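Working notes for the structure below.
The values are calculated or read from the model by the stated rules, or taken from the named source; none is laboratory data. All figures in this text were calculated on a predicted structure; none of them were measured in a lab. When we count neighbours, we look across all protein chains shown, and the Cβ atoms used for this are built from the backbone with ideal geometry, even at glycine.
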Amino acid sequence: MNDKPAADLAHPVDLYVGARLRIRRKVMGLSQTQVADALGITFQQIQKYERGSNRISASKLYDAARLLEAPVSYFFEGLGETDGGNDDGFAQRMTEFVSTPEGLELAALFPRLDDRRLRRRVVDLVRAMVEDEPG
């Protein structure tokens with residue numbers, strides 16, 4: 001159970017945009033410090049953006065998109081699939097997934113699998129592993 005007041009919880013859209021920022025930064029091979037320096041902010045601010053604990057202003061998002069060579073829309077791609085930002089847990093799961101080196105590597109490699117059946121087999125394998133895990 002979360003003891004934080006509702007006003008202190010990260011908004012699902014902020015979590016999602018932060019996760020997309022982290023993914024793109026990692027794909028580009030940039031550290032939080034490198035991105036922060038280029039944007040004229042601290043690396044701690046980048047950490048807060050990526051965790052969704054601070055909202056990214058429109059101007060910083062625009063600057064980040066230019067730096068990371070992505071359209072601003074990149075940070076919102078797939079968000080509509082979460083019912084317009086209603087909290088169904090997707091943004092939190094995405095953030096948790098890309099916060100691990102293994103998750104980030106899977107996120108980078110998975111789309112490179114061209115064979116749809118092979119991608120399905122990978123998903124089935126992971127599902128079976130999760131279902132077999134105790135607890």
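Numbers for the structure displayed
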| item | result |
| --- | --- |
| Residues of region 43-80 that turn out to be out of contact with any Ser or Thr (no Cβ under 9 Å at 6 or more places or on another chain) and not in a helix (DSSP H, G or I), as a count | 11 |
| Unique residue being touching a helix residue (DSSP H, G or I) at 6+ places or on another chain (Cβ under 8 Å), at pLDDT below 90 and loosely packed, with under 10 Cβ neighbours inside 10 Å when the list is Glu77, Glu133, Glu81, Glu102 | Glu81 |
| So Ala64, is it closer than 21 Å to Gly29 by Cβ, modelled with pLDDT of 80 or more, assigned by TED's automatic domain parsing to the domain that holds Ala19 and in contact with a Lys or Arg (Cβ under 9 Å, 6 or more places away or on another chain) | yes |
